[in-house]
Amino acid sequence: MRGTDYHLVVAADADAQARLAAQRLIVRIELNHERPAICLTGGSGPQKMFELLAGEFENWIPWQRVHWFISDERFVPESDPLSNIGAAKRAFLDGRAPPPNVHAIPTDAATPDEAARRYEADLKAFYGSDVLAQGRPLFDLVLGGVGPDGHTASLFPERPQLAIQDRWAAGVDTAPVEPLVPRVTLTLPALASCAEMLFLVHGAAKRDILARVFAGEDLPSARARSQGETVWLVTEDALPENSGVA
């Protein structure tokens, strides 16, 4: 990952990070006067931001216009605590976003591959084309994180889904990290079709993997980047020595 490919923003702590992330999300919504599309991520990274969107920043969001998607999903029912979209709904979407504006990966499908095909059809219907066009992003903002092995979404190192260029979503039969359940993930081309990709990384435990990402190692989170702006929003305790920040 070359230094010119991303912009690094450092937050003092997880609370400051959540506030900056919520503000960037709101700005991206404001820039789209028609149908803003936000692609959420699972995991612990966005939870504090979700709380702000449900509380302090609730009235800043034009809920009737915004559409919400998810970058990847565990192949479990929405009611399951492992469900990414289920967690987002419980945290801030329920009671605010109109149900048709929340685009969940259909984990009631027979297989992860079938769920991926159905979600891709949903994405294409929303986008209005079967082909992603340069200069017309699918998403206004894609939220991302980085796992201990460098994965992002459910794109894992050396797995075939990482090489897919002709599909927008893919099934993942087995995951090499907890929780060990099948997944559905957006592919790199779909994730790249955004005005901004915003990685949220916090905690000292992420410092080593982030050092590898910033050093240019061929990891999924290093390969994921926006056709527009790619931003790494990192807390001070997660910041590696090779970040270039004094």
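Scanning segment 176-190 for residues that are outside any strand (DSSP E or B) and open to solvent by less than 10 Å² (accessible area, probe 1.4 Å) returns Thr187, Ala190. Within segment 87-104, the presence of at least one residue that is β-branched (Val, Ile, Thr) and either touching a strand residue (DSSP E or B) at 6+ places or on another chain (Cβ under 9 Å) or part of a strand (DSSP E or B) (or both) is confirmed. Just so you know, in segment 113-150 the residues that are part of a loop (DSSP other than H, G, I, E, B) and under 12 Å from the mean Cα position of the chain (by Cα) include one that is farthest from Val213 (Cα to Cα), and it is Gly145.
Sort out which residues of segment 135-147 are within 23 Å of Asp218 (Cβ to Cβ) and either surrounded by fewer than 23 Cβ atoms within 10 Å (Cβ to Cβ) or among the aromatic types (Phe, Trp, Tyr) (or both), and write them in order of number.
From segment 135-147, those within 23 Å of Asp218 (Cβ to Cβ) are 142-147; that's our starting set.
Passing the criteria: Gly145, Gly147.
Residues in segment 191-209 that are open to solvent by less than 20 Å² (accessible area, probe 1.4 Å), hydrophobic (A, V, I, L, M, F, W, C) and out of contact with any strand residue (DSSP E or B) (no Cβ under 6 Å at 6 or more places or on another chain): Ala192, Ile209.
Here are some residues: Arg35, Arg65, Arg96, Arg74. Which one is under 30 Å from Arg207 (Cβ atoms) and of a type in the set (Lys, Arg)? Before the answer, list the steps.
On the way: Arg35 fails: under 30 Å from Arg207 (Cβ atoms); Arg65 fails: under 30 Å from Arg207 (Cβ atoms); Arg96 fails: under 30 Å from Arg207 (Cβ atoms).
Residue meeting the stated conditions: Arg74.
With respect to the stated conditions, Leu132 fails to be closer than 28 Å to Val201 by Cβ, surrounded by 15 or more Cβ atoms within 10 Å (Cβ to Cβ) and in contact with a strand residue (DSSP E or B) (Cβ under 7 Å, 6 or more places away or on another chain). Scanning segment 67-86 for residues that are in contact with a helix residue (DSSP H, G or I) (Cβ under 6 Å, 6 or more places away or on another chain) and outside any strand (DSSP E or B) returns Phe75, Glu78. Take Gly150 and decide whether it is at pLDDT 90 or above, within 23 Å of Leu233 (Cβ to Cβ) and crowded, with 19+ Cβ neighbours inside 10 Å. In short, yes. A search for C-beta distances below 7 Å between a residue of segment 197-220 that is closer than 24 Å to Met49 by Cα and any residue that is basic (Lys, Arg), counting only pairs 6+ apart in sequence or on different chains, returns Met197/Arg225; Leu198/Arg24.
Return the residue satisfying two criteria in turn: it lies in segment 77-86 and is without any contact (Cβ under 8 Å) to a residue 12 or more places away in the chain and more than 19 Å from the chain's Cα centre (by Cα), and of such residues it is nearest to His202 (Cα to Cα). The residue in question is Asp80. In segment 8-35, the residues that are among the acidic types (Asp, Glu) form Cβ pairs under 8 Å with partners that are crowded, with 18+ Cβ neighbours inside 10 Å, at six or more places apart or across chains, as follows: Asp13/His202; Asp13/Thr235; Asp15/Lys48. Looking only at residues in segment 82-98 that are surrounded by fewer than 19 Cβ atoms within 10 Å (Cβ to Cβ) and in contact with a Leu (Cβ under 9 Å, 6 or more places away or on another chain), the one that is modelled with the highest pLDDT is Arg96. Take segment 114-129 and flag every residue that is open to solvent by 50 Å² or more (accessible area, probe 1.4 Å) and of a type in the set (A, V, I, L, M, F, W, C). Answer for segment 114-129, where residues must be open to solvent by 50 Å² or more (accessible area, probe 1.4 Å) and of a type in the set (A, V, I, L, M, F, W, C): Ala121, Ala125.
The values are calculated or read from the model by the stated rules, or taken from the named source; none is laboratory data. Here the structure is a predicted model, which means the values were calculated and not measured. Cβ coordinates were reconstructed from backbone atoms using ideal geometry, including for glycine residues, and neighbour counts include every protein chain displayed. Note: areas computed on protein heavy atoms with side chains; ligands, DNA, RNA excluded. Shrake-Rupley method; radii C 1.70, N 1.55, O 1.52, S 1.80 Å.
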